[in-house]
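Data block below; observations after.
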């Protein structure tokens, strides 16, 4: 176990060194994150200038939700998306050979070798928005509700990682999987608002087909007092099933990989 933590630290150090060579790029991305924050605040102000609630969610409850959305978006961009993109390219060009010959679990290696540190600005902005939302709601956060939130967030990250791993593994059979990524990001934008604003059939799709509710709405609900223990159990179960399914599919895909020498 400690070996994997040391490897993760090594990957982080190498990623920092790579980013340090292009510091202007890092600052530009950080500035774009702040501009996105401004656009989100303007959007929320426009909505709540015309209504007092959005499907039962008040303005600062939605601020908390948008904060969770930014945290989740930052986590995807920080670790999940860049590694899955690299993996798809390695499968297409045969570079996956170099990952498979290393004396370490291949799934761990291809999932953690690249860390895009500028995306930490999105995570920090999201945490700040969650803090502001909870403070304005005068929420009396107990250790139990905070623990619920952390577990919900961890379950959401696990679910979205599993989704991306399944998507990337499809590159063993298809060559243009990267195009589907654009579909993902467009659908993911729906998580900026509570799933309860959508018609019932869309809400069911965003919960059980594309599990967007587990990524944003459910974690935010645990902080603003709109969730119950059953949602926590469902989220943990879905994350465990998703990770198991993705890992099995990854190993199945490896059996169909012919390598660069084929």
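Considering only residues in segment 249-262 that are part of a loop (DSSP other than H, G, I, E, B) and modelled with pLDDT of 80 or more, the one that is surrounded by the most Cβ atoms within 10 Å (Cβ to Cβ) turns out to be 257.
Tell me, please, whether a residue that is modelled with pLDDT under 90, in contact with a helix residue (DSSP H, G or I) (Cβ under 8 Å, 6 or more places away or on another chain), in a loop (DSSP other than H, G, I, E, B) and closer than 24 Å to residue 75 by Cβ can be found in segment 230-248. No, because not a single residue in segment 230-248 is modelled with pLDDT under 90, in contact with a helix residue (DSSP H, G or I) (Cβ under 8 Å, 6 or more places away or on another chain), in a loop (DSSP other than H, G, I, E, B) and closer than 24 Å to residue 75 by Cβ.
Kindly indicate whether any position in segment 124-135 is surrounded by fewer than 16 Cβ atoms within 10 Å (Cβ to Cβ), assigned to a helix (DSSP H, G or I) and more than 21 Å from the chain's Cα centre (by Cα). Even if it seems obvious, please write down each step before you answer.
The initial filter retains those residues of segment 124-135 that are surrounded by fewer than 16 Cβ atoms within 10 Å (Cβ to Cβ), namely 124, 127-128, 131-132, 135.
Still in the running and assigned to a helix (DSSP H, G or I): 124, 127-128, 131-132, 135.
Subset that is more than 21 Å from the chain's Cα centre (by Cα): 132, 135.
Yes; the residues of segment 124-135 include at least one that is surrounded by fewer than 16 Cβ atoms within 10 Å (Cβ to Cβ), assigned to a helix (DSSP H, G or I) and more than 21 Å from the chain's Cα centre (by Cα).
Is there a residue being outside any helix (DSSP H, G or I) and modelled with pLDDT under 85 anywhere in segment 113-121? The answer is no, given that none of the residues of segment 113-121 is outside any helix (DSSP H, G or I) and modelled with pLDDT under 85. In segment 86-97 there is no residue that is free of Cβ contacts under 8 Å to residues at least 40 places away in the same chain, in a helix (DSSP H, G or I), more than 28 Å from residue 9 (Cα to Cα) and in contact with a helix residue (DSSP H, G or I) (Cβ under 7 Å, 6 or more places away or on another chain).
The values are calculated or read from the model by the stated rules, or taken from the named source; none is laboratory data. This structure is a prediction, so every number in the text was calculated from the model and none was measured. So basically every Cβ, Gly included, is an ideal-geometry build from the backbone, and we count neighbours across all protein chains shown.
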